[in-house]
Amino acid sequence: DVTLDEIRGAIDRQQLMTRELDHRVKNMLAAVLTLASLTTSESSTIEEFSSRFEGRVKAMSMAHELLATSGWKEVDLETMVITVLGGFLQAREHGIEIHGEETMIGPRMAGPLAMALHELGMNAFKYGPWSTRTGSIRVEWKLVDDTVELAWIEDGGPRIESPPRDG
C-alpha cells in the first residue's frame, strides 16, 4: 500500500528532476549555439566548419557521457584525457604520455576541459607533432592547493610558423 504522502513525495521528486533536466538541456543547447557561432567565425569553408563543429560537439558529447556515467558528480581527469584524445590516437601507434595524480573534475569544468583538450588535440594532429611520424605529446598535471595545473608539452613536430591570422 502506498500512502498519499508517498505519492506526493514521488511527484515532487519527479518535478524537481524534470526542472533539472530542463535546465541542463537549455545550458547544453546554449553551449552548442556558442560553438556554432565560434566555429562559423573561424571557418572559411563549409567543409572546415563541418569538420570543426563535428569535433567540438563530439568532445562535448564525450564529457557528457563521462559525467552521466558518474551520476553527474565528478570525472577522473586521466579518463577524460584518454577519452577525448582517443580519436586522434586511433590513427597512430604511439605519440602520447599521460602522467598525473588521481584528480577528479567537477561537472562545471568537465565540458570546458574536454573542449580545450579536443582543440589541443586537433591542432597537434593538423599542425603539430601528431602531423609527423615521430612527434609526441606529454600531458601531465598536478594539484596545487585546490587548483589543477595541467601541462601540454609537444615534441617532434614541424617547424612552427607564424599563423596567417589570430585565432
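Every number in this text was worked out from the coordinates using simple rules, so none of it is lab data. What you see is a predicted model; the values in this text were computed from it and never measured. Methodologically, a virtual Cβ is constructed for each residue, glycine included, from the backbone with ideal geometry; neighbour enumeration extends over all protein chains shown.
Descriptive notes on the structure:
- Three semi-axes describe the equivalent ellipsoid of the range 86-139; taken as square roots of 5 times the Cα gyration tensor eigenvalues and ordered largest first, they are 23, 13, 8 Å.
- The chain: calculated mean residue ellipticity at 222 nm from DSSP helix runs of at least 4, using -39500 (n - 2.57): -20500 deg cm²/dmol
- Listed peptides 58-70, 110-122, 153-165 by packing density, highest first (mean Cβ within 10 Å): 110-122, 58-70, 153-165
- Of all aspartates and glutamates in the structure, those lying under 17 Å Cα to Cα from Lys126, and not within fewer than 8 positions of it along the same chain, are Glu42, Glu47, Glu48, Glu54, Glu93, Glu154, Asp155, Glu161, Asp166.
- Estimated vicinal HN-Hα couplings, Hz - the range 147-156 in sequence order (Karplus 6.51, -1.76, 1.60; Gly, Pro = x): 10, 8, 9, 10, 10, 10, 10, 9, 9, x
- Normalised by the number of residues in the chain, the mean separation of alpha-carbon contacts (under 8 Å, six or more apart) gives a relative contact order of 17 percent.
- Within the chain, the selection of entire DSSP H helices by a Cα span of 15 Å or greater along the long axis and an average Kyte-Doolittle value of at least 0.5 returns 77-89.
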